[in-house]
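Asks: Pasting a structure below so you can have a look.
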């Protein structure tokens, strides 16, 4: 099923009815990572720059979302160097609009815009001492609410594995559920938008070393200001704003266990993006 959705998304890209591609940069000094704490157990504040490439598009039967983040840390030494870690994190999602596929109106005006099926994958690699090589398939139903911009709610099944440095084999966690809310809505008639996502992810059973995992909460929200007219560009070309992320029990690591306070981050960021 997920493979079919991915194939549909790749094919649909050639028949897009709308699309938007952007590059972005964000910066924060309060990032945190599991197991990376001070001697007294308090979290280490980590400074990161994140460079991103994002593409979203729609076609007759649904929509695509693709994002790659390249993360550079200044305060989190990589293996064999004191220059900081580097990480790549890739997300792809395809949402198939069921009503359009079966040619039936599944909307409820003023409440629901449509119903879909979402599938996709996460992929990452990082050169710290853990050496994450995450692979995760995602699938589940989505409700698209009838609001200015968009507001989508999904119930997802996550099928995740990893092969950290030194493990010697790929470990697969228990399939586990997640609840996801994504949104992008204008703020009145102002050149402002409120965007982001909220995820609640259930525990994924035992980790690769036999320890228990914990449910995690990941909320990432931003307010973006459209500066396009100030630089002589069309609307929604150049934007800047502030972003905030709260991530409790990051990647299923227990903040009250060995992972320590670093397993929960509360991170304000400055963000800019350019659309073309």
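Asks: For a quick check: sort 159, 269 by the number of other beta carbons within 10 angstrom, fewest at the front. Intermediate values should be presented prior to the final figure.
Replies: On the way: 159 18, 269 21.
With the sparsest Cβ surroundings first, the list reads 159, 269.
Asks: Can you tell me the 0 to 90 degree angle between the C-alpha axis of helix 2-12 and the longest principal axis of the chain, rounded to 10?
Replies: Between helix and principal axis, roughly 50 degrees.
Asks: A further question on this structure: With each pseudo-label sitting 7 Å past Cα toward Cβ, what's the residue 215-residue 122 distance in nm, one decimal?
Replies: So the label points at residue 215 and residue 122 sit 1.7 nm apart.
Asks: While we're here: Rounded, prolate or oblate: which fits region 43-140 when a ≥ b ≥ c are the square roots of the eigenvalues of the alpha-carbon gyration tensor, with rounded for a/c under 1.5 and prolate only if a/b beats b/c?
Replies: Values: a/c = 3.52, a/b = 3.00, b/c = 1.17.
The shape class here is prolate.
Asks: Sort the following peptides by mean Cβ neighbour count (other Cβ atoms within 10 Å, averaged over residues), highest first: 84-90, 110-116.
Replies: Details: 84-90: 17.7, 110-116: 16.1.
Peptide ranking by packing, descending: 84-90, 110-116.
Asks: Need the full-extension length gain, residue 83 to residue 60, defined as separation in residues times 0.36 nm minus the C-alpha distance. One decimal, nm.
Replies: Details: separation 23, 0.36 × 23 = 8.28 nm, distance 4.67 nm.
Once the chain is fully extended between residue 83 and residue 60, it gains 3.6 nm.
Asks: Fewest to most neighbouring Cβ within 10 Å: what's the order for 212, 203? List each step's numbers first, then the result.
Replies: Working: 212 12, 203 17.
Sorted ascending by nearby Cβ count, the order is 212, 203.
Asks: Hey, with R₀ at 45 Å, roughly what FRET efficiency would residue 258 and residue 233 work out to, going by the Cβ-Cβ distance, to 0.05? Write down the numbers at each step before the final one.
Replies: Working: r = 49 Å, r/R0 = 1.10.
FRET efficiency, residue 258 to residue 233: 0.35.
Asks: Going by how many other Cβ atoms sit within 10 Å of their own, how do 254, 122 line up, fewest first? Each step should come with its number before you reach the end.
Replies: Details: 254 19, 122 16.
Exposure proxy ranking, most exposed first: 122, 254.
Asks: Now, a different point. Tell me, what is a quarter of the convex hull surface for the C-alpha atoms of the chain, in nm² with one decimal? Show your work: numbers first, answer last.
Replies: On the way: hull surface 64.1 nm².
Computing the convex hull of the Cα atoms and averaging its projections yields 16.0 nm².
Asks: With the contact rule set at Cα under 8 Å and sequence spacing of 6 or more, what percent relative contact order holds for region 2-275?
Replies: On the way: 761 pairs, mean separation 45.5, N = 274.
Relative contact order here is 17 percent.
Asks: Related question: So what is the calculated 222 nm ellipticity per residue for the chain, using -39500 (n - 2.57) for each DSSP H run with n of 4 or more, over all residues, to the nearest 500 deg cm²/dmol?
Replies: It comes out at -1500 deg cm²/dmol, rounded to the nearest 500.
Asks: Still on this structure, I have one more. Under a point spin-label approximation (7 Å from Cα along Cα-to-Cβ), what is the residue 20-residue 68 distance to one decimal in nm?
Replies: So the two model labels end up 2.1 nm from each other.
Asks: For residue 132 and residue 200, calculate 0.36 nm times their separation in residues minus their Cα-Cα distance, and state this gained length in nm to one decimal. Can you show the working numbers first?
Replies: Values: separation 68, 0.36 × 68 = 24.48 nm, distance 2.11 nm.
Working it through step by step, the gained length comes to 22.4 nm.
No lab work stands behind these numbers, since they all come straight from the coordinates. Here the structure is a predicted model, which means the values were calculated and not measured. All Cβ positions, even for glycine, are placed from backbone atoms using ideal geometry, and neighbour counts span all protein chains on display.
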